[in-house]
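Please treat every number below as a calculation from the coordinates, not as lab data. Every value quoted in this text rests on a predicted model; they were computed, and no experiment measured them. Here the Cβ positions follow ideal geometry from the backbone for every residue, glycine too, while neighbour counts run over all protein chains shown.
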Amino acid sequence: MHHGAKSYVENVDLSIKALSIAGKIIPLVINQGKGQFSDVCSTYAHYFMYTIEEFRKRHSRVMWPALSMPVFPLSILLRCASIDRVVFINNWLFTTNPSPSLSCAQIHAATNLLIQEYPDFAIVMRSVNSLLDQSLLKSLMENGYRLVRSRRVYVLDCTSQHYLRHHNTQIDLKLLKNSPYCVIDCHKALEKQIVRMADLYRGLYLSKHSRLNPQFTSDFFRLTLKENIFAYRALEKDGRIDGFATYFVQDDRINSAVAGYERGLSQRVGLYRMLVAIVVSEAARRNLKLNLSGGAGHFKSLRGAVPVEEYDAVYDRHLPRHRRLAWATLMMAGRLAERERPPAV
């Protein structure tokens with residue numbers, strides 16, 4: 001709030017406020033709908049632009065003119081409905097946000113307050129996990145929120161030793177144990193690697209995947225390390241780190257957060273596998289469930305993680321009909337995507 005969101009996320013220029021509920025301080029992100037292009041704060045970027053990017057990557061032979069015919073009407077609908085005019089409750093600008101653990105009465109009070117303060121905005125709570133946030137999800141629905149499928153994440157239960165039955169998990173842990181890399185978590189050592197970690201993150205999430213991902217700056221990594229917002233673990237060899245993983249602990253779970261690794265090295269080195277093994281080991285040590293976030297679904301399933309739907313909870317009952325129609329369309333599209341469950345491994 002003091003330095004502005006853009007100091008930490010280059011492709012975000014938003015107003016950030018705080019909501020106090022029974023002593024809990026929860027961030028509010030206010031998007032005026034004026035062209036934000038990070039998927040962590042733009043509904044249009046997340047549901048439309050990112051989806052188109054992924055489709056074109058997977059179906060490169062499909063000609064854009066053929067694709068544009070069914071796509072453009074949806075784009076026009078979302079734009080005309082001011083789909084990005086949103087107040088986000090509990091949006092930390094992370095891909096996976098901490099659960100706010102709000103009661104039904106607290107959600108009701110917060111919703112009424114925000115309707116009065118922002119009568120022309122949809123109210124959205126991101127990262128509602130259908131497995132780990134069942135009580136929150138029920139309370140949101142009781143308060144009239146609609147559930148719009150956001151993405152599929154993968155959750156690994158490390159509260160027992162069952163995850164060790166998976167051969168791939170055993171291989172990853174053995175690889176980590178025998179690796180020439182050292183795992184470092186010392187703040188003083190990691191502070192010297194801030195720029196390197198920012199470069200590794202951007203090389204992976206922005207260059208390889210999409211520039212719609214949050215473009216975190218070096219100051220973001222410096223702040224989250226200094227304030228212990230994330231726990232950091234890095235793979236270091238000969239004074240150089242080639243990979244890092246972060247996570248945060250919350251009650252009954254560990255949430256995997258941002259990561260990065262040197263893409264110029266051979267996959268045989270196993271940097272990604274070792275980074276996942278580090279976080280899995282930490283979850284097992286704490287006897288917690290592990291939210292491994294989205295992506296690399298087959299890889300995570302082979303290690304015992306189960307697919308779980310994650311939702312945006314949307315309150316739009318106070319908005320005009322054409323704007324509610326846009327959210328209803330996204331909700332129906334999400335239900336269709338939800339049926340496409342990956343095969344069991």
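Things to note:
- Extension gain, Asp199 to Cys182, is 4.1 nm, computed as 0.36 nm per intervening residue step minus the present C-alpha separation.
- For Val155, the amide hydrogen comes within under 5 Å of the amide hydrogens of Leu292, Val306, Val308, counting only partners 5 or more places away or on other chains and with H modelled in the peptide plane.
- With the simple model of a label 7 Å out from the Cα in the direction of the Cβ, Arg211 to Met141 spans 4.1 nm.
- Residues in region 270-293 reached by a label modelled at Arg58 [backbone nitrogen below 20 Å; 7 Å Cα→Cβ]: 292-293
- Taken over the chain, the percentage of Cα pairs per 20 Å bin, counting from 0 up to the bin with the maximum distance, is 29, 59, 12, 0.
- Sorted peptide list for 268-278, 154-164, 109-119, criterion being average Cβ within 10 angstrom, highest first: 268-278, 154-164, 109-119
- Partner lysines whose Cα lies under 26 Å from the Cα of Lys57, excluding those fewer than 8 positions away in the same chain, are identified as Lys208, Lys300.
- Cα gyration tensor category, rounded, prolate or oblate, for region 134-230 with a/c compared to 1.5: oblate
- Residues Cys182, Cys41 arranged by fewest to most Cβ contacts within 10 Å: Cys182, Cys41
- Partners for Lys226 among aspartates and glutamates (Cα-Cα distance below 16 Å; same-chain residues under 8 apart left out): Asp185, Glu191
- Computed helical MRE - 222 nm, the chain, DSSP H runs ≥ 4 contributing -39500 (n - 2.57), nearest 500: -10500 deg cm²/dmol
- The length gained on full extension between Leu164 and Glu191, counted as 0.36 nm times the residue separation minus their Cα-Cα distance, comes to 6.4 nm.
- Relative contact order (%) - the chain, alpha-carbon pairs under 8 angstrom, separation at least six: 24 percent
- Between Asp120 and Lys174, full extension at 0.36 nm per residue minus the direct alpha carbon distance yields a gain of 14.0 nm.
- Span-like helix criteria (full DSSP H runs; alpha carbon extent of at least 18 Å along the helix axis; mean Kyte-Doolittle hydropathy of at least 0.0) are satisfied in the chain by 64-80, 104-117, 271-286.
- Spatially proximal lysines relative to Lys237 (Cα-Cα < 22 Å; intrachain offsets below 8 disregarded): Lys174, Lys177, Lys188, Lys192
- Note that region 156-166 has calculated 3J(HN,Hα) couplings of 10, 8, 9, 7, 9, 8, 4, 5, 6, 6, 7 Hz, one per residue in order, obtained from phi through the Karplus relation 6.51 cos²θ - 1.76 cosθ + 1.60 (θ = phi - 60°); glycine and proline are x.
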